[in-house]
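Notes to accompany the following structure.
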Amino acid sequence: MTTDNNDKSRHKARMQEHKAKVDERVAQAQEEKGILIVITGNGKGKSTSGFGTVTRAVGHGMSAAVVQYVKGTWPCGERDLLMKCGVPFHVMGTGFTWETQDKEKDIAAAQKAWEQTKVWLKDDSIDLVLLDEITYMLTYKYLDVDEVVAALSERPKHQNVVVTGRACHRKVMDIADTVSEVKSIKHAFDNGIKAQQGIDW
Ligand code: ATP
Ligand code: MG
């Protein structure tokens, strides 16, 4: 047998072994339930991941709803697209901007967004709920973490939830099924490149 053939058969054996291990793990993963996904960390890609998951679900005919815990009335390409697909949105910041710095108003807006969130977290007909940037509401203590954890835990069994935002509270990560931390290696903004429509919002 030539060296070339030896390499090929060794590679084939390795691949077969790898496939057997993957097949075994696939066979073991039998549970079907909605999952809680947390996308946190300082790098770019958290909200785009959340909206990507909503797009993926809607593409399969699933129903989704989105709460954006953001201040101000920022434009958002994903919102414009997904609303056309019938995805309901609640945007916390409507009517408010960073400039107001009015804590009472912010808390009231966060509570209103949370009321809508609770409705969707009880709605059996919704397959996926995206809670974009909700982590900051817990950091600022605008929402009670135990109440958020309870509502997430008591949601319909098949319902999936994606939570995005930096510095996610430990209690939320503890009950999550999947937690990913997006790490910033570098960001265009650091080199003076302006945020761009279609890329950053
Ligand atoms: P994206 O919406 O692009 O997925 P993100 O949700 O991970 O970003 P946020 O902190 O919510 O991150 O970002 C809000 C805005 O700040 C976005 O326009 C994003 O491109 C930008 N941004 C994200 N990470 C960084 C960073 N490390 N440095 C500077 N700007 C950032
Ligand atoms: Mg974001």
* **Selection from segment 1-60 of residues that are under 29 Å from G165 (Cα atoms), of a type in the set (V, I, T) and part of a loop (DSSP other than H, G, I, E, B)** => I35
* Is it the case that some residue within segment 4-19 is closer than 21 Å to D177 by Cα and not charged (D, E, K, R)? -> no
* Going by the conditions given, is M92 in a loop (DSSP other than H, G, I, E, B) and surrounded by 10 or more Cβ atoms within 10 Å (Cβ to Cβ)? -> no
* Asked: Mind checking which residues of segment 137-183 are of a type in the set (S, T, N, Q), under 18 Å from A113 (Cα atoms) and assigned to a strand (DSSP E or B)?
  -> T164
* **Top-ranked residue of segment 160-201 - restricted to ones that are over 13 Å from the mean Cα position of the chain (by Cα) and among the acidic types (D, E), ranked as farthest from ligand 2 (Cβ to nearest atom)** => D174
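Readers should treat all values here as calculations from the given coordinates under stated rules, not as data from a laboratory. These numbers were taken from a predicted model, which means no experiment stands behind them. All Cβ positions, glycine included, derive from the backbone under ideal geometry; neighbour counts span all protein chains shown.
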